[in-house]
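What follows is a short report on a single structure.
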Amino acid sequence: MSDTIQGRPAGGAGALLALALTLALAGPVSRAATPGETIAGAARGVVKVYGAGGVRGLEAYQTGILVTPAGHVVTVLSTVLDSDTIDCVLDDGRRYPARLVGADPARELAVLAIEGEDLPALPLVADLPRVAPGTRVLALSNLFGVAVGDERVSAQHGVVSAVVPLEARRGSYEAPYRGTVYLLDCTTNNPGSPGGALIDFRGRLVGVLGKELRASASGVWLNYALPIDEVAKAYDDIVAGRASAPVAGGGTRFDPSLLGVLLVPDLLDRTPPFLEATRAGSAAAAAGLRADDLLVAVNGRTVPSRRAVEEALGALATGDPVRLTVVRGGAIVECDLGPRPAAGEAP
Amino acid sequence: MQPATASRRRCDWRSARAVPWPALVAVVVATATASRPAAGAEAGTAPPDSVLAAERDRVAVMARASGAAVAIFAGDAGGGSGVLVSPDGYALTNFHVVQPAGVAMKCGLSDGRLYDAVLVGLDPTGDLALVKLVGRDDFPWAELADSDTVAVGDPCFAAGNPFLLATDFQPSVSAGIVSGVHRYQGPAGTILEYADCIQVDAAINPGNSGGALFDARGAVIGINGRASFEKRGRVNVGVGYAISSNQARHFLGALKGGRIVDHATLGATVATASDGRVVVSDILESSDAYRRGLRYDDEVVALAGRPVRTVNAFKNVLGTLPSGWRVPLVYRRGGQRHEILVRLAAVHAPAELEAIVSGEGGPRQRRRTPGSRRPQAPGDEPPPDEAPAAPAAREPPPLPDALRGLHEARPGFANFHFNLVERDRVAAAIAARHPVERPAGTWRVVGRLTDKEAFRIELAPARASIDLPTGTSAIDAAGELDANPAPPGSGGLLAALVLWRRLILDGPRSLGRTTYLGTVPAATAAGAEPAGTAIPVYDDVLDAAVGGVEARFIVAADGAVTGIDLWTAPDAEPCEVRFAYAADGGVGDAVGLPRSFTVRHADAAFGTFTIDEVVVEPATENADSTGPAATAGDGAGAER
């Protein structure tokens, strides 16, 4: 519905960049804004997003960034958006219903639209150079949902400690994104933080806080952000209708890991549903499923891809018996996993 | 007694160049972004002098602040942190830190010494406690800043005893920025409510509880007590909460008085209306707010001088106020704006607080449920490596020698000894201000009302009378004072003046069961008691139950009695007397008496009395010339 330049007037970006270069080369020429002033300015463009969730382990809130004065909000693609009603609450307490414009499943970003004019945007300047390790940054987010109404989102400070590709596959929360991220030395990625703004000390948006990621082996949570150029690409793709896949619709997909079924990462359009592992003590483990099993059917319905597995499980009701058919060493094996848990139930 | 007027011993470092912490950040950023990949040393350029100077300042500020940090060790019960707020050893900490410790504890300071400390006061709802270290009168201490001036992004640091690491008593310092202000964190399975608190990203871990959050110049802006941990285990995730120093200041007087203090309720709840207004959703007819005119569906606009735009803002203001304070409330009804003064009631029954303090039904029992989404108190559990044994029977161990005589148990008090200390301090100030020859006889006070008509008051040991244009009233000053709330319409002015005279001449001990209640913001000229933005001046409050009435005396630091509230029955509207003194002494200056006073009862002003002359007669052998029952001497009806 919107064209791609709406939020990113090229002239503005160029001017900003020029200003940045001037400042960088000449050093501070006038009094720098205090961190408080920088935060106060940028936080006006950070919104609190409310949607689905509220059950154990899944928050019903996250963070979004107003990137255009007309009301485009960049946020992360998550279960919070699996709702008919998504609300955005601005820094001044104004509450807007939001519409899901689209999503980029690869980068796990989404764009929402709210009806407004002259909103206090935090512009998406795609050609801002990536920040280097050692750069001091500020994170603004709706962490833990502690800010409500006209209360300002939380501000944290930290340093970009590394600029590296995200490796979050084996034994981790699954993240389809394989691009570069900023690793941060501060605990930015808390419940509610995803979608938050990473800004530099001049108040420029340099990244977006990613979804929570935790290594199950070590229990370590990752604090990271997607660089702004990646965010801009996702934004452009989404508003241009080029985003590759439809958004997960309201509850039609079911995460097989809730049964203890840990599948290989969903990298392809039709990722074969190979089992990577089963969680100890889970229904999958009890049913005898093993790593490298290939799922071929869920309750008799063939599942050619990982997504098909999620959809087939999603088509069942909570409490329905789950029977998985797998190929193991050339043989067909049937495994009964017992009743399907509720979608939001923690494993 | 008050931070605002306390010794300026620390001026030297308070005024020391306070620059540079934000400046340091800015310069570092510029360096990092300007010359990547590697800046500074490798390129052979030394950091600018301004950076080095800022760093030195910061190190000095942290070193000073660390001197005031207290490492609290409560033996098997765990421990935590605290901060000294006066040179005579008073230290603030969390209720949840001292509650398991009992009356006596050991406190380490950064001088490497271990001091004995005694529990003084408790605020179970606000999670505050006051302890007193003994052994010195020159403890290093930190001033309480005005936390309402704290802004998001301000640099700050915590100094405390995380994980009880400070076995050498050297505090751990963690720096950060203020992440949020005016946060509300409601009770979560416990009664501990954090209203109007400061959120920080400085590392706050178990054991940091009770320690100070300092600003960049080393003044206390909060008491760290809580953090959001969620699913990441009980370690810092960059989201800590500190009780604001202004809230602590509201309760400090009552805590010094050894009390178990309670928080306040308006007797009304509020909710957000569909149009966003904050409206009264329920109100008790017995509440003072109702009696002052507040009704269901009225829009609450401001409370205690702060705007109320959300339900959280309302809870934030209310949650920082002690019960018994009288605060302005602004509400709107039908486009009409109303401003009333409301006396705040206690949230808990005294027995409830006692139960919480003794640990029966308190926070340790009503532990949050697993997976609670609320922040949790970092220090309320000992660190895992120092798990306590099962709590011993509550037979208090004998006090160490250093604390002998510093504790007295009494229901309703954490330590009644300190109530006597504060009561006697106020008594000494009153006596010093009023050089009346004792024993004294009749006091004659003559003057004019607002409309220039004359009044005459006579206060004799056994009889008090008042002549007003509307008539003459008299009461038996030596007997029950609740029988006759004279003059009519005043709610008991004569009784109040009788007790006023007795307080000045014979001190609080002459007024029966007299306790020290704490402090209230000093009344302004308009008679309101707003909690303003600047650090207010506080007056002390004494409470006396005598002769069938209850009276509260408001006493300024110089011993001047600035107000009396007197109830002739527990649920009656009080008679409220407010005294005004001339700046240069004035009419009653020879004996320290006021120039004028105003009297209010219920919603009405009873009168303003301007004093022309006060005559204090010496007591005579035979009689008091005006009283029929000629009882000479002092302290008629005094109780012990």
If a residue counts only when it is under 21 Å from the mean Cα position of the chain (by Cα), which strands (runs of 3 or more DSSP E) contained entirely in segment B:71-134 have at least 2 such residues? B:79-84, B:90-93, B:114-123, B:128-133
Scan segment B:134-152 and give yes if some residue there is under 20 Å from B:Phe229 (Cα atoms) and of a type outside the set (Lys, Arg), otherwise no. no
Could you grab me the full set of residues in segment B:57-70 that are closer than 15 Å to B:Asp168 by Cβ and either acidic (Asp, Glu) or not in a helix (DSSP H, G or I) (or both)? B:Ala69, B:Val70
If we only count strands (runs of 3 or more DSSP E) wholly inside segment B:461-523, which ones have 2 or more residues that are among the polar types (S, T, N, Q)? B:471-476, B:513-521
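Condition check ((1) small (Gly, Ala, Ser); (2) farther than 17 Å from A:Leu263 by Cβ; (3) assigned to a loop (DSSP other than H, G, I, E, B)) across all residues:
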residue	(1), (2), (3)
A:Leu289	no, no, yes
A:Arg307	no, no, no
A:Leu313	no, no, no
A:Val322	no, no, no
A:Val333	no, no, no
A:Leu337	no, no, no
A:Ala343	yes, no, yes
Do we have B:Asp148 as more than 16 Å from B:Lys256 (Cα to Cα), part of a strand (DSSP E or B) and more than 14 Å from chain A (Cβ to nearest Cβ) here? no
The number of residues in segment A:214-234 that are more than 14 Å from A:Gly179 (Cβ to Cβ) and either within 11 Å of another protein chain (Cβ to nearest Cβ) or of a type in the set (A, V, I, L, M) (or both) is 8
Checking A:Leu143 against (1) at the interface with chain B (Cβ under 8 Å from one of its Cβ atoms); (2) in contact with a Lys or Arg (Cβ under 8 Å, 6 or more places away or on another chain); (3) of a type in the set (A, V, I, L, M, F, W, C): exactly one of these is not met. Which one? (2)
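Quick grid of which residues meet (1) surrounded by 24 or more Cβ atoms within 10 Å (Cβ to Cβ); (2) of a type outside the set (Lys, Arg); (3) not in a loop (DSSP other than H, G, I, E, B):
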residue	(1), (2), (3)
A:Pro129	no, yes, no
A:Gly134	no, yes, no
A:Val148	no, yes, no
A:Val163	no, yes, yes
A:Arg178	no, no, no
Take the conditions buried (at least 17 other Cβ atoms within 10 Å of the Cβ), of a type in the set (S, T, N, Q) and either at the interface with chain B (Cβ under 10 Å from one of its Cβ atoms) or out of contact with any Gly (no Cβ under 9 Å at 6 or more places or on another chain) (or both) and apply them to A:Ser78. Does it pass? no
Only listed residue being touching a residue at least 40 places away in the same chain (Cβ under 8 Å), farther than 19 Å from B:Cys575 by Cβ and β-branched (Val, Ile, Thr), chosen from B:Thr450, B:Thr519, B:Thr514: B:Thr519
So how many residues does segment A:140-152 have that are at negative phi, of a type in the set (A, V, I, L, M, F, W, C) and within 18 Å of the chain's Cα centre (by Cα)? 2
Out of the residues in segment A:32-47 that are in contact (Cβ under 8 Å) with a residue 40 or more places away in the chain and touching a helix residue (DSSP H, G or I) at 6+ places or on another chain (Cβ under 9 Å), state the one that is farthest from the other protein chains (Cβ to nearest Cβ). A:Ala33
So, B:Gly324, is that one in contact (Cβ under 8 Å) with a residue 24 or more places away in the chain, out of contact with any helix residue (DSSP H, G or I) (no Cβ under 7 Å at 6 or more places or on another chain) and not hydrophobic (A, V, I, L, M, F, W, C) or not? yes
With the condition being more than 24 Å from B:Ile72 (Cα to Cα) and under 27 Å from the mean Cα position of the chain (by Cα), I'd like the strands (runs of 3 or more DSSP E) fully within segment B:207-301 carrying at least 1 qualifying residues. B:268-272, B:278-283
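A quick yes/no check of all residues on (1) modelled with pLDDT of 95 or more; (2) within 11 Å of chain A (Cβ to nearest Cβ):
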position: B:Val173; (1), (2): yes, no
position: B:Gly189; (1), (2): no, no
position: B:Leu192; (1), (2): no, no
position: B:Gln199; (1), (2): yes, yes
position: B:Ile204; (1), (2): no, no
position: B:Gly218; (1), (2): yes, no
position: B:Glu230; (1), (2): no, yes
position: B:Gly233; (1), (2): no, yes
Subset of segment A:257-311, residues at pLDDT below 85 and crowded, with 21+ Cβ neighbours inside 10 Å, comes to A:Val303
So in segment A:195-210, with the set limited to residues that are away from chain B (no Cβ under 14 Å) and not in a strand (DSSP E or B), which one is nearest to A:Ala110 (Cα to Cα)? A:Gly195
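The values are calculated or read from the model by the stated rules, or taken from the named source; none is laboratory data. Because the structure is a prediction, the values reported are computed rather than measured. Cβ sites come from the backbone with ideal geometry, for glycine too, and all protein chains shown count toward neighbours.
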